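J.: Before we start, here is the structure in question, set down as structure tokens.
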Amino acid sequence: MLPGMAVKPRIAIVGAGNLGSALALSLRRVGYVIEAVIARSRGASIKEAQRLAKQIGARVLPGPAIAAAIQAGTAASDLRAELIWFCVPDAEIARAARALTEKIEWKGRVALHSSGALTSDELAVLRSRGASVASLHPLMTFVPGSLPSLSGVSFALEGDAPAVRVARRVIEDLGGHAYSIRKKDKAAYHAWGTFASPLLTALLATAESVAALAGVNRKAAKQRIIPILQQTLTNYAVFGAAGAFSGPIVRGDVDTMKRHLGVLRALPAAREVYSALARSALRYLPARNKSDLRRLLDSQSA
């Protein structure tokens with residue numbers, strides 16, 4: 001912790017979107033005081049901030065009534081929060097930091113952001129003003145209407161040593177697991193996370209289109225696919241990727257794969273996904289007749 005900082009520092013959340021809201025509610029649940037939710041003074045941002053602030057007993061900066069004071073650079077001067085947590089889109093982090101540079105006394109404070117792809121250097125302007133900064137990204141998905149538990153979640157962490165110490169304590173209180181990541185590895189780390197959830201969701205959407213080709217509507221497809229998805233994840237957790245792999249590729253069933261590729265000509269985008277994943281399976285997973293399967297994919301690529 002920083003000298004003089006409370007064991008559970010007061011926190012201000014910048015941004016009240018999916019991530020900011022989930023973090024604020026989780027932090028409040030484990031005893032942290034969220035002093036303020038900082039958001040733009042117009043449109044959906046301020047409405048989201050007001051809704052979140054009401055849930056966690058915080059004030060909103062800026063609210064419509066103090067917009068003029070924010071523009072004068074004085075409205076946030078009485079902010080007591082020792083930890084300022086930026087939960088805005090990646091492209092907005094540096095801009096938001098610059099916007100708050102003159103409005104808050106940064107010396108002795110910790111500033112965090114939660115981008116998976118960007119490093120703590122996005123907050124360099126605050127570091128130059130005396131803040132200790134770090135990036136802290138939870139390997140979790142946040143969507144509207146969902147409030148995932150952060151217990152057991154891994155958080156990738158890098159930045160200034162004092163900010164890292166504070167962040168580790170916060171994550172411990174949330175029940176998560178913080179681990180260090182090198183700045184140069186963040187882009188690859190975030191790509192890994194993108195495979196784990198957003199692209200997996202894209203694969204499921206593609207699967208729904210194939211279900212339609214088989215005469216199964218979207219609603220029914222979702223219901224019927226859940227058991228096999230759950231068992232696949234269970235198998236992966238217990239046996240790893242190789243042990244969880246099943247189906248025609250692991251059996252080396254060239255004829256079945258040929259039938260798949262034939263029927264998928266009606267869905268070129270799905271066929272492209274199928275071929276890419278089949279090639280990936282042949283590269284990373286056990287399978288019989290790998291040479292024959294590769295030749296089939298090559299012959300069907302046109």
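J.: Output the residues belonging to the stretch 162-190 that are farther than 15 Å from Thr119 by Cβ and either aliphatic (A, V, I, L, M) or exposed (fewer than 14 other Cβ atoms within 10 Å of the Cβ) (or both).
T.: Selection gives Val166, Val170, Ile171, Glu172, Leu174, Gly175, Ala178, Tyr179.
J.: Give me the pairs, please: first residue somewhere in the stretch 132-146 and under 13 Å from Thr194 (Cβ atoms), second residue anywhere and modelled with pLDDT of 95 or more and of a type in the set (Gly, Ala, Ser), beta-carbon distance under 6 Å, and either six or more positions apart or on two chains.
T.: Once the first residue is under 13 Å from Thr194 (Cβ atoms) and sits in the stretch 132-146, its partners that are modelled with pLDDT of 95 or more and of a type in the set (Gly, Ala, Ser) give His137/Ser114; His137/Gly116; His137/Ala156; Leu139/Ser154; Leu139/Gly193; Thr141/Ser197.
J.: Hey, among Thr206, Thr201, which residue is surrounded by fewer than 16 Cβ atoms within 10 Å (Cβ to Cβ), outside the structural domain of Ser115 (by TED's automatic domain parsing) and among the polar types (S, T, N, Q)?
T.: Thr201
J.: So which residues in the stretch 27-65 are at pLDDT 95 or above, buried (at least 22 other Cβ atoms within 10 Å of the Cβ) and in a helix (DSSP H, G or I), if there are any at all?
T.: Leu27 - this is the single residue of the stretch 27-65 that is at pLDDT 95 or above, buried (at least 22 other Cβ atoms within 10 Å of the Cβ) and in a helix (DSSP H, G or I).
J.: When only residues in the stretch 104-115 that are surrounded by 20 or more Cβ atoms within 10 Å (Cβ to Cβ) and of a type outside the set (Ser, Thr, Tyr) count, which is modelled with the lowest pLDDT?
T.: Ile104
J.: Among the listed residues Arg279, Arg271, which satisfies the condition of being within 33 Å of the chain's Cα centre (by Cα), charged (D, E, K, R) and closer than 15 Å to Leu203 by Cα?
T.: Going through Arg279, Arg271 in turn, the sole match is Arg271.
J.: Residues of the stretch 112-127 being among the aliphatic types (A, V, I, L, M) and within 17 Å of Lys183 (Cα to Cα), which ones?
T.: Scanning the stretch 112-127 gives Leu112, Ala117, Leu118, Leu123, Ala124.
J.: In this structure, is Thr232 of a type in the set (Ser, Thr, Tyr), surrounded by fewer than 16 Cβ atoms within 10 Å (Cβ to Cβ) and farther than 25 Å from Ala196 by Cβ?
T.: No, not satisfied.
The values are calculated or read from the model by the stated rules, or taken from the named source; none is laboratory data. Since this is a predicted model, take the numbers as computed values, not measurements. FYI the Cβ positions are ideal-geometry reconstructions off the backbone, even for glycines, and counts take in every protein chain you see.
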